[in-house]
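Scroll down for the structure; my scribbles are underneath it.
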2 protein chains.
Amino acid sequence: MRAEARKPYDIESLTNVAVRVFAERGYDGASMDDVARAAGITKASIYHHVTGKEALLGRGLRRALDALSAILEEPGSNRGRAGARLEHVVRRVAEVTFDLLPELSVLFRIRGNSPTELEALAHRRRFDRTVASLVRQAQNEGSVRSDIDPGVATRLIFGMSNSTVEWFRADGRSSPGELADAICKVALGGLKI
Amino acid sequence: MRAEARKPYDIESLTNVAVRVFAERGYDGASMDDVARAAGITKASIYHHVTGKEALLGRGLRRALDALSAILEEPGSNRGRAGARLEHVVRRVAEVTFDLLPELSVLFRIRGNSPTELEALAHRRRFDRTVASLVRQAQNEGSVRSDIDPGVATRLIFGMSNSTVEWFRADGRSSPGELADAICKVALGGLKI
């Protein structure tokens with residue numbers, strides 16, 4: 001009785017397992033059987049905690065979006081020149097991406113196939129718009145090149161940063177801190193005047 | 001008889017439809033029913049041309065990988081200083097991405113869930129290794145900063161470039177040429193010494 005030998009699951013630890021499975025197999029490619037197998041419990045036990053796969057997705061996406069939103073509340077995102085605030089946000093997004101790798105990995109791949117996904121995409125667009133407005137302010141103060149549309153610059157920065165979920169391995173040669181540095185150097189270095 | 005009113009499909013035009021469906025819904029989320037519906041023909045008619053969904057995926061991935069490989073054969077990728085060759089490759093990858101948007105979009109999202117996907121990932125890794133070696137040469141000749149691992153720099157450049165498949169819209173504000181310029185400015189500008 002493998003399941004009984006373990007610490008019993010609660011909704012948070014089940015969400016941990018589910019987002020890892022979704023990140024590995026893709027949300028559409030993953031079934032509740034896959035989640036149950038990874039958790040080492042029966043599907044029925046999972047339905048004791050949660051209504052289904054989309055609810056688990058919703059919980060994982062919520063973690064990712066809450067962590068991104070929290071960055072915008074940090075002092076470094078709100079004090080000082082726009083160029084420095086932008087650098088703070090970009091570095092913290094990279095750090096949060098490594099901290100919540102499966103959650104962010106799932107967030108970056110959703111396409112709006114359900115109400116849960118559509119709501120998360122809307123939330124993420126609001127985040128991107130806030131950062132784009134920061135890029136525009138940094139352009140206006142002269143710390144970022146002005147020959148690139150702020151929305152395009154934002155998407156390119158996060159395109160680079162978000163791509164790390166596809167290839168970062170915790171046992172690889174580069175640490176999260178080194179990669180966050182590299183992202184800031186390349187993405188923000190390229191935007192400097 | 002909607003299907004008969006159209007130009008009959010051949011394997012190439014069916015592949016066009018299939019990669020668009022895979023790009024929109026995700027390969028795992030797309031069914032042969034979706035492909036048949038998008039093509040306006042019956043599933044049986046599709047199986048007249050191709051053995052199944054994985055074969056259509058294989059044909060789409062082959063187009064993407066052939067286009068990437070062809071870039072490495074171009075004179076601009078083989079003549080002159082490494083820094084200039086790197087810039088040529090990065091610009092051409094961005095251009096090819098916009099030319100073959102659904103094919104590249106599908107390629108960038110596969111995870112190795114089948115032999116077809118694994119083979120394509122191996123091909124793509126060889127491409128990335130060639131570019132990483134170009135980054136290393138550009139570092140050695142002093143045209144690219146040396147404080148970032150060449151493999152990491154390659155992944156960050158393509159992370160930025162590849163992300164465009166997620167948000168580029170042909171009717172959007174930026175043209176493919178403008179976006180390719182922006183990618184070169186940011187990704188390569190950030191690598192400059």
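Observations, loosely collected:
- Lys-Lys pairs in the protein assembly as shown that are eight or more residues apart or on separate chains and whose Cα atoms lie under 24 Å of each other come to 10.
- Here the sum of -39500 (n - 2.57) over DSSP H runs of 4 or more residues, divided by the residues of the protein assembly as shown, equals -21500 deg cm²/dmol at 222 nm, to the nearest 500.
- Summed side-chain charge close to A:Glu12 - residues other than A:Glu12 whose Cβ falls under 10 Å, Lys, Arg +1, Asp, Glu -1: +1
- Position B:Gly177, label points 7 Å along Cα→Cβ, spacing to each other copy in nm (shortest first, one decimal): 4.6
- Label-point spacing at A:Ala38 relative to the other copies reads 2.6 nm, in ascending order, each point sitting 7 Å out from Cα along Cα→Cβ.
- The ellipsoid that matches the Cα gyration tensor of chain B has semi-axes, each √(5λ) in whole angstrom, of 36, 17, 14, with the longest given first.
- C-alpha center-to-center spacing [segment B:111-154, segment A:113-158] in angstrom: 28
- Mean separation of Cα contacts under 8 Å (6+ apart) over length of segment A:2-53, as relative contact order %: 39
- Part-to-part distance (alpha-carbon centres) for segment A:65-102 and segment B:57-98, which is given in Å: 34
- Of the complete DSSP H runs in chain A, those spanning 15 angstrom or more by Cα along the long axis with a mean Kyte-Doolittle score not below -0.5 are A:11-25, A:53-73, A:82-99, A:150-162.
- Under a Gaussian network description of chain A, with springs only between Cα atoms under 10 Å, the residue in A:Ser45, A:Ser69, A:Ser163 that fluctuates furthest is A:Ser45.
- Placing unit charges on each Cβ (+1 for Lys and Arg, -1 for Asp and Glu) gives segment A:79-193 a dipole about its Cα centre, and among A:Leu191, A:Gln137, A:Ser174 the Cα reaching farthest toward its positive end belongs to A:Gln137.
- Under the combined filter of DSSP loop state and at most 13 neighbouring Cβ atoms within 10 Å, segment A:1-92 retains these trypsin sites (Lys or Arg not before Pro): A:Arg6, A:Arg79, A:Arg81.
- Residue with peak Gaussian network fluctuation, chain A [Cα springs, cutoff 10 Å], from A:Pro176, A:Pro75, A:Pro150: A:Pro75
- Å³ per residue enclosed by the Cα convex hull of segment A:20-62: 63
- Simple Cβ-charge dipole of the protein assembly as shown, Lys/Arg +1 and Asp/Glu -1, about Cα centre, in debye nearest 20: 240
- Taking every C-alpha pair closer than 8 Å and separated by at least 6 residues, the mean separation divided by the residue count of chain A gives a relative contact order of 21 percent.
- Average other protein chain Cβ within 10 Å of Cβ, residues A:147-158: 5
- Shortest-first nm distances, A:Ser133 label point to equivalent points in other copies (7 Å, Cα→Cβ): 4.9
None of the figures in this text is laboratory data; all of them are computed from the coordinates on show. The model shown is predicted, which means the values in this text are computed figures rather than measured ones. Note that we place each Cβ from the backbone using ideal geometry, even for glycine, and neighbour counts take in every protein chain shown.
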